[in-house]
Structure formats: C-alpha cells, structure tokens
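So the structure is just underneath, and the comments pick up after that.
The values are calculated or read from the model by the stated rules, or taken from the named source; none is laboratory data. As the structure is a computational prediction, the values presented were derived from the model and not from experiment. A quick note on method: Cβ atoms are made from the backbone with ideal geometry, for glycine too, and the neighbour counts reach across all protein chains shown. Accessible surface is based on the protein model in full, side chains and every heavy atom, while ligands, DNA and RNA are left aside. Shrake-Rupley method; radii C 1.70, N 1.55, O 1.52, S 1.80 Å.
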Amino acid sequence: MSNTSLLICASQFCASQCRPGLSEHAANSLNCQLAGQVLQRSGWRGRLLLTVMRWPVFRALFSGLLQSSLPGIVAHYQWRKQHIASRVRQQVTEQGVQQLLIIGAGFDALGARLSAEFQQLQVIEIDRAETINIKQQALQRLNAQQPNLWLKAADLASCSMARLLADTKAFSATRSTLVLAEGVLMYLPQPAINALLQQLRHSINAPLQLVASQMQLNQQGRARFTRQRWPADVLLAISGERFVSGVSAKALPDWLTSMGFNLQQLVPADQPGNSDPCPGELLFYAEARPEI
C-alpha cells in the first residue's frame, strides 16, 4: 500500500480525534471509522500512526511536520474530496450515471457511501491486492459492504484496463459511466495515461465522464505543489512515490483532447470563499468524445 494512502487515513482519523466541536455524526462518519479500521490492519506503520493519533502531543507534532513540509496539504485533501463527492452526486442524480468506476480507490470511503446512498448505482473500485484486502476487511467489520459495491484487485502496471474490465462480472459496457481517478495520474508516465484513457473509451459503449486530478507543471516544467518544500521532496523520493507526470492548466484542454476527452470544467483553485489550501494539483471534469 502507498504511504500517501496511509497519510490520508491518518489525517482523517486525526480530524476525528482533535476536533471535539464536531457533531457525533461527523466525528463517527464512515470516513473516520474506516480510517481507524484500515490503520489497525496496515502493519506496523498503520498501528504506529493509530497510536500516535490518540495522543494530543503527537497529533500536534504530526500536523506540524505536515505543515512544515507541505503547508495546507491535509485541508487540500478535504477540499479535493468535497468537490469530487459533490460532482459525482450531481452526475448520478441529474445526469443518470449508472456506474462509478474508481481507479486507485485507496482507503477512501466515497464508494461505500455512494453505494449505500444510491442502490441503483454500480460501484467498482480498483486498486492493488494488498489495499483491496485491507479495505474489504475494514468495510466488513463496519457492516459497510453493500451488494452494489465491488472491490477489484489489480496492478494496472501489469494489467490492461480493457482486459480487467472484461474480466469483471459487475462491469457493464452499456451503463452510463463516471470514472474517478483521484490522485492517480501523476504517478503514471504519459504513455500509461494515454493507454488507460483510450482503453476506457473503447471499453464503454455508453456516455463516459471523467473526474480526475493531475499535478500542475510549474514554470520549470516540474510536477509539484506550489508550496512544496524540500522535506516533502525527500519523503516522496524515499517512499518511491515521486510525481512522474503533469500538465499545465493552459495545456489541459489539448492534453485531454489528444486522448479522446473534452474538458468540461477545471475547478478553480482560487474560488472565492473556497480556495484550494495547497494549490498545484489540477482537479477537472471531462467527457469522452463519441467514437466515430
């Protein structure tokens, strides 16, 4: 499992522990419960984070380390997830999306929440076997495994998306589909992104939408957050999770067009009253161009 996934889990659990003003419903939300269960099952790293998050002094230290290496990153995760959840719900209720395909689902609870909220929605999550196994155990422990939620173990580095979908019984090529790739594309080289998006287009014979994020290239052509500091560079390098691709905001429409998608919206990072606390990751919505 990735260190980034565990970091997001720890931040979710930390939020539930260090904000006593939250309502009981918010503090015990599925996100926080799932985070705790996942950390329990994630080896020594997860158990260490879980123990640390229960002590106020260590929670403060954890937050301080994150803030010093990548200011605003935890709030950025929440900003990103709020926009994504809102968009997906809107497309299900207003555009009749019938199938949600989450690539690199990690330990996020969005699929579990939406499968419970919309029983007509088929939700398929794809991630590495270790991540899927831990998540499935955690969801079963919380009685949150819905019949319309399918967790599929696969390594996209060695398995084509077309073959994977063809071998997934829950998948239907004729359902209106929304593909979510949150925090995924920046870890793939450009040829792999091309192959992924083109295989999705060829595998789905119905309206296809994309909700995804990609790192923004800075003026030096590097994929990184605007406020990213050297400790974050070191940690990403040590963990083997460096960003290997990116795109500028200006080039985003043409970048998507080259892979058969049209940009619908780039979520503004400087939106009044709801700006991105840690800019540098582009969040966008697109739709597949019809096959000719």
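Ignoring everything except DSSP H segments at least 4 long, calculate the 222 nm mean residue ellipticity for the chain; use -39,500 (n - 2.57) per segment, divide by total residues, nearest 500.
-14000 deg cm²/dmol
Would you mind calculating the relative contact order of the stretch 82-183 from Cα pairs under 8 angstrom and at least 6 residues apart, reporting the percent as a whole number? Don't jump to the answer; show the numbers that get you there.
Numbers: 136 pairs, mean separation 36.6, N = 102.
Result for the stretch 82-183 is 36 percent.
Mean separation of Cα pairs under 8 Å and 6+ residues apart, divided by the residue count of the stretch 58-124: what relative contact order is that in percent?
About 26 percent, as a whole number.
Which entry is the computed Kirkwood radius over Cα pairs in Å for this structure: (i) 19.7; (ii) 23.4; (iii) 20.5?
Correct label, based on the coordinates given: (i).
Do any trypsin sites (Lys or Arg not before Pro) in the stretch 194-283 lie in a loop, going by DSSP, with at most 11 other beta-carbon atoms within 10 Å of their beta carbon, and if so which?
LYS250
Looking only at the chain, where both bridge partners belong to it, what percent of the DSSP beta bridges are antiparallel (to the nearest 5)?
Bridges in the chain are about 40 percent antiparallel.
Please give the per residue accessible area of the stretch 55-96, computed with a probe of 1.4 Å over protein heavy atoms only, in Å². Don't jump to the answer; show the numbers that get you there.
Working: 2120 Å² over 42 residues.
Value returned for the stretch 55-96: 51 Å² of accessible area per residue.
Sequence-distant or interchain residues sharing an amide H contact under 5 Å with LEU282, placed H: which?
Residues meeting the criterion, in which the H sits 1.01 Å from N, are GLN214, MET215, GLN216.
Post the alpha-carbon centroid distance, the stretch 93-131 to the stretch 152-167, in whole angstrom.
Spelled out, the Cα-based centre of one part sits 16 Å from the other.
Just the number please: accessible area per residue for the stretch 127-191, 1.4 Å probe, all protein chains included, in Å².
About 51 Å² of surface per residue is accessible.
Which ³J(HN,Hα) values, rounded to whole Hz and listed in residue order, are derived for the stretch 245-256 from phi using the Karplus coefficients 6.51, -1.76 and 1.60 in 6.51 cos²θ - 1.76 cosθ + 1.60 with θ = phi - 60°, glycine and proline given as x?
Ordered by residue, 3J(HN,Hα) equals 8, x, 7, 7, 4, 5, 8, 4, x, 5, 4, 5 Hz.
Hey, any idea what % of the stretch 27-185's accessible area is carbon plus sulfur with a 1.4 Å probe? Can you show the working numbers first?
Working: 3620 of 7150 Å².
Ligands and nucleic acids excluded, carbon and sulfur reach 51 percent.
Calculate one ³J(HN,Hα) per residue across the stretch 267-281 by plugging θ = phi - 60° into the Karplus curve 6.51 cos²θ - 1.76 cosθ + 1.60, and present them in order as whole Hz with x for glycine and proline.
5, x, 6, 10, 4, x, x, 8, 7, 5, x, 9, x, x, 10
Listed here are the pairs LYS152/LYS250; LYS135/LYS169; LYS135/LYS250; which of them are more than 29 Å apart at the Cα?
LYS152/LYS250; LYS135/LYS250
What are the residues whose amide H is under 5 Å from the amide H of GLN122, where those residues sit 5 or more places off or on another chain and H is modelled from the backbone?
GLN99, LEU100
Using θ = phi - 60° and the Karplus relation 6.51 cos²θ - 1.76 cosθ + 1.60, list the HN-Hα couplings for the stretch 228-236 in order, rounded to whole Hz, with x at every Gly or Pro.
5, 10, 4, x, 5, 4, 5, 4, 5
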